[in-house]
Every structure is written in structure tokens, then in C-alpha cells.
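The values are calculated or read from the model by the stated rules, or taken from the named source; none is laboratory data. This is a predicted model, so every value here is computed, not measured. Glycine also receives a Cβ, built like all others from the backbone with ideal geometry; neighbour counts cover every protein chain displayed. Side chains are part of the model used for accessible areas, which takes the heavy atoms of the whole protein and leaves out ligands, DNA and RNA. Shrake-Rupley method; radii C 1.70, N 1.55, O 1.52, S 1.80 Å.
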Amino acid sequence: DVVLTLGTGGVAILALQIAKMSGATLAITSSSDAKLAVCRELGADITINYRTTPAWQDAVLAATSGRGADIVVETVGFSSLSQSLACCAPNARVGLLGGLGGPPPGGVNLGPLIGKNVVLKGITSGSRRMLEDLLRAFDAHGVKPKIDKVFPFEQARAALDYLATGGHLGKIVIRHG
């Protein structure tokens, strides 16, 4: 499968790690070439700067020889959903689990849902068993979650402020005790 994930936050980087552990080809977008370089070190096969390539959906299609993405981890939300759908392969699956981008100007083009037979599923979180399965898989494959920065509990406000900047790559941890 070709997996596409958007951005370099905690969910996107975890999706990158899961996809690579599973043997998938991974495409990822970011506004930062430096972050994309780290993503390549983590195993990303296709990296696209969405600031310098605003039509990133076309870049995904080009990089996959027109095939597109089989799985899209849509962390931005409705503002990028039209582009995510446009670069889907036939019978792709899109997991919609973010809304950071706000509402899209002009609405969402849902045409590819029908034309490409795409499945769109909203995702909030998995079960405890799913997390345990993931942790066992990470352990078996020697995968460590990408931690950007660790804050002590007393600096929780600073951690949230750091998260709000969008400057992180991977997870931000607030350690208690």
C-alpha cells in the first residue's frame, strides 16, 4: 500500500512509523524541508513541501506513477480533504481524524468518494487492546515512538504552548513524577 499522512505532528509521525513497520510506501507532507529530511531518515519514501508545492495532490500522483494513495491519514481536516481525495487510488481508505485546518474555502469536493470508490471514516481513538497490539508490534520490530520534547508536569502550560506553535516533529510528552 501507499500511505499518505499530512504534517509532522504526533499522529502523522506515528502513522509514518506504523506504515514503514508494515512494509508500506509512505508519503508525507510538511511546510518544512528540515522536517521532511527527518521524515526521510525515519523511512518516508515520498516527501512533499506543501508550501512550495501547493498542488501536493498532483505531486503524490506523480510520485506514485498516477496510482495515488491507498490509505490517507487525514490529520488536517476539511480544509485539505479535497486534495486528499484527489490523490486517492481507486478503493482507497481515508481516516479523518483532525480538524486543525479549519473549514475549507468553497467547500469540500466529495466527487472522488464515488468516482474512485473511496471509503471515508471518521476516527477518534482506538481501544486499549489496539494500543496493546501496537505496542507489542513496536517492541517486536524495535520501533520507538519519535519524541520531539519532554516537559515535566510542572511545565505543562509550556508544553501546550510549544504544541500550539506547530514547531514539533513527533510526540510531545508531559512527564508526571
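Quick check on segment 163-174. Is at least one of its residues assigned to a helix (DSSP H, G or I), closer than 24 Å to ASP1 by Cα and touching a residue at least 40 places away in the same chain (Cβ under 8 Å)?
no
Within segment 37-68, track down each residue that is without any contact (Cβ under 8 Å) to a residue 60 or more places away in the chain, assigned to a loop (DSSP other than H, G, I, E, B) and among the polar types (S, T, N, Q).
Within segment 37-68, THR52, THR53, SER65 qualify.
Just a yes or no: is a residue in segment 69-84 in contact with a Leu (Cβ under 9 Å, 6 or more places away or on another chain), part of a loop (DSSP other than H, G, I, E, B) and either surrounded by fewer than 16 Cβ atoms within 10 Å (Cβ to Cβ) or of a type in the set (Lys, Arg) (or both)?
Taking every residue of segment 69-84 in turn, none turns out to be in contact with a Leu (Cβ under 9 Å, 6 or more places away or on another chain), part of a loop (DSSP other than H, G, I, E, B) and either surrounded by fewer than 16 Cβ atoms within 10 Å (Cβ to Cβ) or of a type in the set (Lys, Arg) (or both).
Counting only residues that are more than 19 Å from GLY7 (Cα to Cα), open to solvent by 70 Å² or more (accessible area, probe 1.4 Å) and either of a type in the set (Asp, Glu) or not in a strand (DSSP E or B) (or both), how many does segment 116-131 have?
5
Give me the residue from segment 151-167 that is at pLDDT 95 or above and not hydrophobic (A, V, I, L, M, F, W, C) and, out of that set, nearest to THR8 (Cα to Cα).
Top of the filtered list is TYR162.
When only residues in segment 85-115 that are among the aliphatic types (A, V, I, L, M), open to solvent by less than 20 Å² (accessible area, probe 1.4 Å) and in contact with an Asp or Glu (Cβ under 7 Å, 6 or more places away or on another chain) count, which is farthest from SER65 (Cα to Cα)? Please lay out each step first, then the result.
To start, the set of residues in segment 85-115 that are among the aliphatic types (A, V, I, L, M) comprises 85-86, 89, 92, 94, 96-97, 100, 108, 110, 113-114.
If we keep only those that are open to solvent by less than 20 Å² (accessible area, probe 1.4 Å) as well, we get 85, 89, 92, 94.
Applying the additional criterion that residues be in contact with an Asp or Glu (Cβ under 7 Å, 6 or more places away or on another chain) yields 89, 92, 94.
Details: ALA89: 11, ALA92: 16, VAL94: 20 Å.
By that ranking, first place goes to VAL94.
Could you say which residue among ASP148, ASP133, ASP45 is more than 14 Å from the chain's Cα centre (by Cα), at pLDDT 95 or above and closer than 18 Å to ALA12 by Cβ? I'd like the intermediate steps shown before the answer.
Numbers: ASP133 fails: closer than 18 Å to ALA12 by Cβ; ASP45 fails: more than 14 Å from the chain's Cα centre (by Cα).
Answer to the selection: ASP148.
Please verify whether segment 44-61 includes one or more residues that are within 30 Å of ARG136 (Cβ to Cβ), surrounded by 19 or more Cβ atoms within 10 Å (Cβ to Cβ) and of a type in the set (A, V, I, L, M, F, W, C).
Checked against the condition, which is being within 30 Å of ARG136 (Cβ to Cβ), surrounded by 19 or more Cβ atoms within 10 Å (Cβ to Cβ) and of a type in the set (A, V, I, L, M, F, W, C), segment 44-61 yields at least one hit.
Which of the residues that make up segment 23-39 are under 14 Å from the mean Cα position of the chain (by Cα) and either of a type in the set (S, T, N, Q) or open to solvent by 50 Å² or more (accessible area, probe 1.4 Å) (or both)?
Answer for segment 23-39, where residues must be under 14 Å from the mean Cα position of the chain (by Cα) and either of a type in the set (S, T, N, Q) or open to solvent by 50 Å² or more (accessible area, probe 1.4 Å) (or both): THR25, THR29, SER30, SER31.
Considering segment 132-154 alone, what residues qualify as being farther than 21 Å from ALA34 by Cα and open to solvent by 90 Å² or more (accessible area, probe 1.4 Å)?
LEU135, ARG136, ASP139, HIS141, PHE153, GLU154, listed by residue number.
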